[in-house]
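Heads up: the structure comes next, in structure tokens.
Read the figures in this text as sums done on the coordinates, not as results from a lab. From a predicted model like this one, the values you see are computed outputs, not experimental measurements. Glycine gets a Cβ as well: all are built from the backbone with ideal geometry, and neighbour counts include every protein chain shown.
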Amino acid sequence: GDGLSLDIEQEHQEINEVYAAVERSRRGDPGREELIERAIALLDADVREEEDELLPRLRAALDDEQLQRLGMTWEIVRRTSPTRAHPVVSRRPPGQTLSALPLTVLDRSRDNLDRLARRAPQPLATASTVASRALGAVAGAVEHLPPFPRGEHPSTHTPRTDVE
């Protein structure tokens with residue numbers, strides 16, 4: 001129901017905010033290790049709750065055909081969704097829907113640049129890292145475009161105004 005959905009949205013918002021803080025930090029920054037540990041703990045608790053409580057409830061409520069359709073839909077959404085945390089963007093339409101395309105393109109471009117940075121020799125690795133950070137700044141600006149934060153429940157709206 002709506003209450004359960006809101007609880008999940010609130011938990012996921014917290015995860016997004018912590019992950020975004022990790023992403024904005026750099027190795028050696030004070031507090032970065034604590035942020036990483038907190039992100040891991042939040043993700044672990046989220047996975048446990050979903051596996052132990054939510055998925056069994058979903059299984060009980062749907063038949064096999066419905067579960068298969070849901071699984072195919074989920075896979076399509078997963079393959080076409082942003083891959084990084086965007087805590088400013090609404091978790092509900094219209095913001096979530098409208099922001100998906102530009103943020104997906106930016107995130108997946110950053111993912112490719114980050115993979116290249118890990119494998120490429122210098123100076124290409126450094127250039128890839130710089131380009132990824134620049135796209136991160138663009139994504140941070142895109143998050144703040146007027147339609148994207150709309151539709152959010154007040155309890156999951158972040159007042160964050162900084163651009164990555």
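In table form, for the structure just shown:
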read-out	value
Distance (nanometres) between label positions extended 7 Å along Cα→Cβ at residue 34 and residue 61	3.8 nm
Cα gyration tensor shape for the stretch 30-117, rounded if a/c is under 1.5, else prolate or oblate	oblate
Rel. contact order, % - alpha carbon contacts under 8 angstrom, at least six apart, the stretch 2-156	26 percent
Residues with amide H under 5 Å from that of residue 90, placed H, sequence gap 5 or more	96, 150
Anisotropy class of the chain from Cα gyration tensor, a/c 1.5 cut	prolate
The chain: angle of helix 2-24 to the longest principal axis, Cα-based, in degrees nearest 10	10 degrees
On Cα atoms only, tilt of 95-119 relative to the major axis of the chain in degrees	50 degrees
Neighbourhood charge, 12 Å Cβ-Cβ cut-off, centred on residue 104 and excluding it, Lys, Arg +1 and Asp, Glu -1	+3
Ordering of 68-74, 9-15 by burial proxy (mean other Cβ atoms within 10 Å per residue, highest first)	9-15, 68-74
